[in-house]
Amino acid sequence: MAQDRAELGAFLRSRRDRLTPAQAGIEPFPGARRVPGLRKEELAVLAGLSPDYYSRLEQGRQPNISTAVLDGLARALRLTEVEHAHLVDLAEPTARRRATTVMPVQRADPGLLRLMSALDHLPVLLLGQRTDVLASNALFSAVQRELPPGSSLARFLFLDPLARERIVNWPYFASNTVATLRREVARRPQDGKLKALIDELRAADPDVTRWWDDHQVRDHASVRKLISHPIGGELEFDIEIVSAPRDPDQQLIVYTVQPDSPTAKVLPLLASWHRDARVP
């Protein structure tokens, strides 16, 4: 079985296992059940497919899959919009998914850099492919840690003990990062550096392997982040994402605050503290 078809089959099985007949709105087929979720035959009926055809999908023996079949599976499995897009990416023909380690070097978008400069009163991080850091401002370094261009947010989250120490809701952020990487590898299966990063993280941290095997997928989304800072105390941010119109693989991560909140009041002090700490 080709690797991409193995990923497709594994994703279908994981989504099938999490959906019970009651959740799918059908009566269970008769007979002893050996799976917690839908049987293959039950899902095939829901998606309007023959059981034999669906079995070929899970076993990676169906080279071409129509849009109508994918849409039917997405409806039957109650996939989210992101999961549906992920399914479509995994179903691309094998010839389009050949891996290579040669990828163009990503440059920071000038418009996003100008926007970052205008937001110097907030922590801001510019991320590219593979969670590579393209740029960050001084206040981000003061709040979390300095991540220079060329470093990796994913490596910081999983390989730097400071991440678990400082990010109060670390499991939520870390699991979302794994789900984002899984989504990315389906979109760019030819990216050898991305696959190498995932292998490195899985070998280093059992949490990554556990979350990776869940087959969850997500795109970058607006969320809340809680920071325990040694100088500023407990900080609360709502993270907003701005994408570059010319390069959707770049995201400006902006740590916004509620006006007049304790976090908003302490940020200028942290900026001053950070400047003083950097003076020789």
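Sorting check: for 184-192, 239-247, 109-117, 29-37, which peptide has the highest mean count of neighbouring beta carbons within 10 Å, and how do the rest follow? Could the numbers behind the result be given before it?
On the way: 184-192: 18.9, 239-247: 14.3, 109-117: 15.9, 29-37: 10.0.
Output ranking for 184-192, 239-247, 109-117, 29-37: 184-192, 109-117, 239-247, 29-37.
Using helices alone, I'd like the mean residue ellipticity at 222 nm for the chain: each DSSP H run of four-plus residues gives -39500 (n - 2.57), total over residue count, nearest 500. Please list the in-between numbers first.
Values: 14 runs with 139 residues, N = 280.
Value at 222 nm, helices only, nearest 500: -14500 deg cm²/dmol.
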*Mean Cβ neighbour count within 10 Å, used as a protection proxy, ranking 52-60, 82-90, 163-171 highest first*: 82-90, 52-60, 163-171
*³J(HN,Hα) computed for each position of segment 23-31 - Karplus, 6.51 cos²θ - 1.76 cosθ + 1.60, integer Hz, glycine/proline x*: 5, 7, x, 10, 7, x, 5, x, x
*Roughly speaking, what is the centre-to-centre gap between segment 193-243 and segment 6-38 when only Cα atoms are used, to the nearest Å?*
29
*Residues with amide H under 5 Å of residue 152's amide H, sequence separation 5 or more or different chain, H placed in the peptide plane at 1.01 Å from N; which?*
133
*Would you give the gap between the C-alpha center of segment 154-175 and the C-alpha center of segment 119-146, rounded to a whole Å?*
15
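With a 1.4 Å probe and every protein chain kept in, tell me what percent of the accessible surface of the chain is carbon plus sulfur.
On the way: 7600 of 14040 Å².
In the chain, the share of accessible area belonging to carbon and sulfur is 54 percent.
Indicate the gyration tensor shape class of segment 28-154 (rounded, prolate or oblate), computed on the Cα atoms with a ≥ b ≥ c the square roots of the eigenvalues: a/c under 1.5 is rounded; otherwise a/b larger than b/c is prolate and the rest oblate.
Details: a/c = 3.37, a/b = 2.38, b/c = 1.42.
Prolate, because a/c is 1.5 or more and a/b exceeds b/c.
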*Just tell me which lysines come within less than 29 Å, Cα to Cα, of residue 195; anything on the same chain fewer than 8 places away is out.*
225
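Given Cα positions, please report Rg to Rh for the chain, the hydrodynamic radius being the Kirkwood one. Before the final figure, lay out each step's value.
Details: Rg = 21.8 Å, Rh = 20.9 Å.
Taking Rh as the inverse mean 1/r over Cα pairs, Rg/Rh reads 1.04.
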*With the chain treated as a Gaussian network of Cα nodes joined by springs under 10 Å, which of 24, 91, 74 yields the largest mean-square fluctuation?*
24
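With a 1.4 Å probe and every protein chain left in place, work out the accessible area per residue of the chain in Å², rounded to a whole number. Present the calculation step by step, with values, prior to reporting the outcome.
Details: 14040 Å² over 280 residues.
With all protein chains present, the chain gives 50 Å² per residue.
In debye, nearest 20: dipole of the chain around its Cα centre with unit charges on the Cβ of K, R (+) and D, E (-)?
Values: 38 positive and 36 negative charges, 125 e Å.
Here the chain has a charge dipole of around 600 debye.
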_Under the rule of at least 5 residues apart or a separate chain, name every residue whose amide H is placed under 5 Å from the amide H of residue 191._
100
_Can you give the local net charge around residue 209? Use residues other than it whose beta-carbon is closer than 13 angstrom to its beta-carbon, Lys and Arg +1, Asp and Glu -1._
-3
_Suppose accessible area is computed on protein heavy atoms with a 1.4 Å probe; arrange 275, 210 from highest to lowest._
275, 210
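The values are calculated or read from the model by the stated rules, or taken from the named source; none is laboratory data. Bear in mind the structure is a predicted one, so any value in this text is a computation, not a measurement. Heads up, the Cβs are rebuilt from the backbone with ideal geometry, glycines too, and the neighbour counts pull from every protein chain shown. Protein only, heavy atoms only, side chains kept; ligands, DNA and RNA dropped before computing areas. Shrake-Rupley method; radii C 1.70, N 1.55, O 1.52, S 1.80 Å.
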